[in-house]
Amino acid sequence: MKAVLIVCFMFICVNGFSQTKGNLKVDATVRKTDGTVIHKAKVSLVDSDENIIAETLTNHKGRFEVSMPFDKDMRMVVEAKDCHSKVILFDTRNVPCNHQQWGYEYGGFTIKLEPAGIGDPDTVARVAFRMEIENFDYEKR
């Protein structure tokens with residue numbers, strides 16, 4: 001019995017709390033400006049050559065998770081029916097080679113979408129690696 005508990009604990013520790021190596025894992029919640037979560041909002045990662053790197057949908061709690069490769073300049077486009085889209089720029093090019101063996105996590109933030117409007121999606125922030133803190137940080141646009 002004790003051995004089974006130890007094995008279960010080790011499995012949870014390795015799989016439940018590990019970072020994906022060699023990339024940046026981003027997780028966030030998508031909500032309307034009134035605070036309600038948006039189920040099935042589309043989240044797309046697009047590189048500087050307009051290639052779609054990844055796409056996902058938010059779950060029933062409005063949450064999503066996506067992994068981004070290093071050495072890329074990308075934009076995350078978040079869109080939902082009857083809402084104005086938002087864009088967050090991500091720059092993973094400045095991660096030093098000796099840091100790329102590890103995975104980084106950036107998340108826990110909320111993206112709020114306004115009711116649909118006319119025009120291009122709003123770029124709301126830029127996220128990039130900052131060597132002085134040895135981690136990713138953002139600046140609002």
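The values are calculated or read from the model by the stated rules, or taken from the named source; none is laboratory data. Please read these numbers as outputs of a predicted model, since none were measured by experiment. Cβ atoms come from the backbone with ideal geometry, glycine included; neighbour counts cover every protein chain shown. Ligands, DNA and RNA are excluded from the accessible area calculation, which covers all protein heavy atoms including side chains. Shrake-Rupley method; radii C 1.70, N 1.55, O 1.52, S 1.80 Å.
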**OP:** May I ask you to verify whether Thr123 is assigned to a strand (DSSP E or B), at pLDDT 95 or above and open to solvent by 50 Å² or more (accessible area, probe 1.4 Å)?
**Re:** no
Original post:
β-branched (Val, Ile, Thr), in contact with a strand residue (DSSP E or B) (Cβ under 7 Å, 6 or more places away or on another chain) and over 14 Å from Ala28 (Cα atoms) - does that describe any residue in the stretch 61-71?
Top reply: no
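Matching residues to (1) open to solvent by 60 Å² or more (accessible area, probe 1.4 Å); (2) at pLDDT 95 or above:
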| residue | (1), (2) |
| --- | --- |
| Lys72 | yes, no |
| Met76 | no, yes |
| Lys86 | no, yes |
| Cys97 | yes, no |
| Gly107 | no, no |
Original post:
Cβ-Cβ below 6 Å, separation at least six or inter-chain, first residue in the stretch 59-80 and under 20 Å from Lys32 (Cβ atoms), second aromatic (Phe, Trp, Tyr) and open to solvent by 70 Å² or more (accessible area, probe 1.4 Å): which pairs?
Top reply: none
**OP:** Kindly provide the set of residues from the stretch 80-99 that are in contact with a strand residue (DSSP E or B) (Cβ under 7 Å, 6 or more places away or on another chain) and not charged (D, E, K, R), ordered by number.
**Re:** Ala80, Cys83, His84, Ser85, Val87, Ile88, Leu89, Phe90, Thr92, Asn94, Val95
